[in-house]
Amino acid sequence: MATQEKLHIGKMIKAVFDESGLSVAELARRIHTARSNVYFIFERPSIDMMQLLDLCDALNHNFLDDIQLCIGMKSNLCPREIHIDLYLDDLPDEKTVRVMRFLEELEVEKRLEL
């Protein structure tokens, strides 16, 4: 399976959703969106960071860990540098802390690989 397919965030979210026991309507309510958008999320290979963090909360699952694990498993196929533009002012404080913690963990692992 290609790396891009393994990193398909919509498929990751759908798998966790299927195990959650929630209905699509309940998930949509928890992430403040329409039911039809939930189905769209399941099909998308990428996602907005704020929406991903909302899904982490709604499904009580850390997708950032899943992404980190997948990248680590296929590091020889992934680019050596990843450029991310984040506007943390747009995030609530608790989500900013989670994003910063995730980025710090990536930096630690990067240093350990050297």
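Here, each number is a calculation from the coordinates, and none is a lab measurement. Keep in mind the model is a prediction, meaning the values are calculated, not measured. Reconstructed Cβ throughout: ideal geometry from the backbone, glycine too, with neighbour counts over all protein chains shown.
Here are the numbers for the structure shown:
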{"item": "Where labels lie 7 Å past Cα in the beta-carbon direction, separation of ARG29 and ASP93 in nm", "result": "2.9"}
{"item": "Shape call, region 30-70: gyration tensor on alpha carbons, a/c limit 1.5", "result": "oblate"}
{"item": "Cα-projected label distance for SER20 with GLU105, points at 7 Å along beta-carbon direction, nm", "result": "1.9"}
